[in-house]
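> One structure coming up, written as structure tokens, with questions to follow.
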Amino acid sequence: MLQGEIRKFKITEINNEGEGIVRLGDERFVVFVPDALPEEDVTCRIVQAKKNYAVAKVLERHNDSSKRIKPLCPVYGKCGGCQLQHIDYSSQLELKRKTVYDAIKRIGGIPDPEVGKCIPSPSQWGYRNKASLPVQTGRRGKFSAGFYKNRSHDIVPFAGCPVLLPKLESNVCSLINDLKDAGFIGWNEKERHFIGFIRHIVLRSAKFTDQSLCGIVGGRPAEKNEIRKLAGIAKAHSDDLTGMVFNKNTSTGNFIWGDEFSTIYGTPVMQEKLGKFTFNFEISSFFQINSGQALELYKYASEAAAGDVCGNILELYSGAGTLTAFLSERARHVTAVEEWPQASKYMRINAELNGLDNITPHSGSAEEVAEALSGEKFDTVVLDPPRTGCDPRVIASIVKIAPKKIVYVSCGPATLARDIKGLISNGWSIENIQPFDMFPQTGHVETVVLMSRVEK
């Protein structure tokens, strides 16, 4: 297959990026076709050809799949944020279940894993409580803030986003306009030496309270006049903003946050309620982006971890202590571990805020603290790692602890499958695999896996 070649395909599968798939020959050669669905016949141009795969661009679609719908977002297909808006919601849920199934079968080595139906989000649109927007200034000095194009660092200017909470969407629009009008300069990462000022705008809004935070990330220290202008913008939005913070990040990497935070206006803290619990957190702390679905997931995970009653729980990757609070209701004691200083700080504050006196917080990496605690007895270990999964030292420590139950909460099916394979080989079996749709309109899926130790 050659680049530039025109071919006609019948799409047979779809991946979690929303790309149609065609398998050729002995099925080892795969063609990925964006914006094509199973059942569709398409004429394509090959835009990239490699040894084992190719990428094709649709020139003509000869028929529409029964699963195809009209995307709601006006920049769908340009913005890389949502991959599945052209697929009906029931099909999105089945695709996510299949994503988990395939990962656990292929990587986890389980021939036919029992994976529950993906639990739908309470809201398919207007659910996301956080927006992180890169900011750039082009050659003509034009201030541009939005989302990256797919597989690119080119920005699609923000023109509304239907997956954001409505009040958050409105705040983003007005804030971008105010920053432009104030003459702020965006980042220019294409220059040999980075120039400009604002690298990112981060906005968070609570679904169940009226509070919102704004974070401005600068590539250099802010000057006094810049702080004054930012404070003035925040004050003008006082009805919508609880506070504004400035973060300095002079690194050349892609991580949004630097180490230095300062408060420009109001308070650096906001609150959200999940069920009967109230949580404080800062702009950089981890908090699930879908508050409504997070509540359902935490209820499910805490019940899986403890049932009606449980002794001691070790929770790793605790964040600001959201799942921790739900676990504490059912456990005699929870030992909670978090590495990120901002989140660890608020895990302690949130335990006190909710009157939870059966939680012992630990600040430090999961691998180091788990190793230090591996000689202690825990009935259940709860894990909620980042997409990269667990460090091998964490798995080794769990093996030493030998809990009766393990509850693994994951946003990365591949690393989840890798880690549970290691746990299975060391004496645990899978009892339940339950996907949750935490991210409607995207290919991402959250999964809760309950494992129990095999008695010898």
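Each reported figure results from applying straightforward, stated rules to the coordinates on display, with no laboratory input. What you see is a predicted model, and the numbers here were worked out from it, not measured in a lab. So basically every Cβ, Gly included, is an ideal-geometry build from the backbone, and we count neighbours across all protein chains shown.
> Counting other C-beta atoms within 10 Å, which of ILE201, ILE155, ILE398 has the fewest, and how do the rest follow?
ILE155, ILE201, ILE398
> Please compute the volume of the convex hull spanned by the alpha-carbon atoms of segment 329-456 and report it per residue in Å³.
Convex hull volume per residue, Cα atoms: 125 Å³.
> Can you work out the FRET efficiency for the pair ALA49 and ARG387, with r the C-beta to C-beta distance and R0 = 30 Å, to the nearest 0.05?
0.55
> Could you tell me the largest-minus-smallest coordinate of the C-alpha atoms of segment 130-274 on each of the three principal axes, in descending order and whole angstroms?
Principal-axis extents of segment 130-274 (Cα, largest first): 44, 35, 28 Å.
> At 7 Å along Cα-to-Cβ for each site, give me the label-to-label distance between GLU260 and GLU13 in nm.
5.0 nm
> Quick check for segment 143-269: number of Lys pairs with alpha-carbon distance under 26 Å, counting only pairs 8 or more apart or on different chains?
For segment 143-269, qualifying lysine pairs total 19.
> Follow-up. When only C-alpha pairs under 8 Å and at least 6 residues apart count, what is the relative contact order of the chain, in percent? Working shown, then result.
Values: 1038 pairs, mean separation 57.2, N = 456.
Dividing the mean separation by the residue count of the chain yields 13 percent.
> Say each of LYS421 and VAL454 gets a label point 7 Å from the Cα, pointing the same way as Cα to Cβ; how far apart are those two points in nm?
1.7 nm
> Across 5 Å bins from the origin, how do the percents of Cα pairs in segment 6-68 run, short distances first?
For segment 6-68, the pair-distance distribution reads 4, 20, 35, 26, 11, 3, 0.
> Rounded to the nearest 0.05, what FRET efficiency do ARG28 and LYS180 give with R0 = 60 Å and r taken as the Cβ-Cβ distance? Could you check?
After rounding to 0.05, the efficiency reads 0.75.
> Now for a separate question. Relative contact order of segment 318-379: what whole-number percent is it, with Cα pairs under 8 angstrom and at least 6 residues apart? All intermediate terms of the calculation are to be shown ahead of the outcome.
Values: 82 pairs, mean separation 22.7, N = 62.
For segment 318-379, the relative contact order is 37 percent.
> How big, on average over all directions, is the shadow cast by the Cα convex hull of segment 94-192, in nm²?
Value for segment 94-192: 9.5 nm².
> Would you kindly state how much longer the chain becomes between THR250 and HIS62 on full extension, computed as 0.36 nm times their sequence separation minus their alpha carbon distance, in nm to one decimal?
Length gained, THR250 through HIS62: 62.7 nm.
> What is segment 79-135's relative contact order, in percent, from Cα pairs under 8 angstrom and six or more apart in sequence?
Here the relative contact order equals 30 percent.
> Continuing with the same structure: How would you rank ARG106, ARG393, going from fewest to most other Cβ atoms within 10 Å of each one's own Cβ?
ARG106, ARG393
> Another one. Mind checking the full-extension length gain between ALA231 and THR267? Use 0.36 nm per residue of separation minus the Cα-Cα distance, one decimal, nm.
11.8 nm
> Still on this model: Run the dipole for segment 130-274 about the Cα centre, Lys and Arg Cβ at +1, Asp and Glu Cβ at -1, nothing else charged, and hand back the magnitude in debye, nearest 20.
380 debye
> Further, regarding this structure: What is the extension gain from SER90 to ASP239, computed as 0.36 nm multiplied by their sequence separation minus the C-alpha to C-alpha distance, in nm to one decimal?
Values: separation 149, 0.36 × 149 = 53.64 nm, distance 3.80 nm.
Result for the pair: 49.8 nm of gain on full extension.
> Distance in nm between label sites at GLU376 and ARG220, each 7 Å beyond Cα in the beta-carbon direction?
With each label placed 7 Å out from Cα toward Cβ, I get 4.8 nm.
> Most exposed first by the Cβ proxy, i.e. fewest other Cβ within 10 Å, how do ASP391, ASP384 rank? Mind dumping the intermediate values first?
On the way: ASP391 16, ASP384 24.
Ascending Cβ contact count within 10 Å gives the list ASP391, ASP384.
> Under a Cβ-Cβ cut-off of 10 Å, what is the net charge of the residues other than LEU168 that fall near it, where Lys and Arg count +1 and Asp and Glu count -1?
Every neighbour counted, the sum reads +3.
> Using only Cα atoms, locate the centre of segment 258-333 and the centre of segment 183-244, then give the distance between them in Å, rounded to an integer.
Using only Cα atoms, the two centres lie 26 Å from each other.
> For segment 55-113, what are Rg and Dmax over the alpha carbons, in angstrom?
When restricted to the Cα atoms of segment 55-113, Rg and Dmax are 15.0, 42 Å.
> Something else now. In vacuum, with every alpha carbon of the chain counted as one equal point scatterer, what does the Debye formula give for log10 I(q)/I(0) at q = 0.10 Å⁻¹? Two decimals, please.
Treating every Cα as an identical point scatterer, log10 I(q)/I(0) equals -0.82.
> Using the Cα atoms of segment 16-123 to build a convex hull, what is its mean projected area in square nanometres?
Over every viewing direction, the Cα hull of segment 16-123 projects on average to 8.6 nm².
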